[in-house]
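The block underneath contains the structure these notes are about, expressed in structure tokens.
The values are calculated or read from the model by the stated rules, or taken from the named source; none is laboratory data. Here the structure is a predicted model, which is why all the values come from computation and not from measurement. Reconstructed Cβ throughout: ideal geometry from the backbone, glycine too, with neighbour counts over all protein chains shown.
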Amino acid sequence: MAKHGFINDMLDVKLLILYVTDKLLYPVDTQTLYELCLQDDKLSYFDVMQALPQMVETGHLSETDAGYVITDKGRETAAITKDSLAFPVIQRASRAIERFNREIRRESYTRTEILEQPNGEALAVMHLDDELGNLITIEYTCPSPRQAAFLTKAFPAKADKLYQLITETLTAKDEVEENIP
């Protein structure tokens, strides 16, 4: 059965890779780049693996310790060729890129650490930052390092909701206004 899709040749694969890397805010490894490009049934892992070294060789991409990043030459080419990709592929890729950038940004705004205490307990220290600095730091005493690890692992995904809940709770207009002299 023939695969249906818009990616027809190696040029289409390279244009898609350029489109994706141009929109990314962070370097990506090979697997992540493949997953972000996998927006068409005709694209295969082997297509991406074949295109990447060629694009590094031509100077469109650079491979760093952190992953692949687009070069200035790649950005110029992406700007010229951005309308060459099929609209459905661009839409799907854009949504995947937005999710990826949002997740990485969220992770960069959270920091956690576990401080084991002499009595066997552990202190889970969780920080939520923004572009300007620290928004909130939570120190949570846990009966064991295992529970602290559980909390610090869950924190990055829920930090913004926790911050919002604390803010809403502290600024609620019920008893707070009545008790202010």
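If I go through the stretch 45-74 residue by residue, how many of them are in a helix (DSSP H, G or I) and of a type in the set (V, I, T)?
So the count comes out to 2.
Could you name every one of the helices (runs of 4 or more DSSP H) located completely within the stretch 75-181 that has at least 2 residues being buried (at least 16 other Cβ atoms within 10 Å of the Cβ) and of a type in the set (A, V, I, L, M)?
Per the criteria, 87-108, 145-170.
Filter the stretch 115-137 for residues that are small (G, A, S) and at pLDDT 95 or above and give the result.
Once the filter is applied, which keeps residues that are small (G, A, S) and at pLDDT 95 or above, the stretch 115-137 yields A122, A124.
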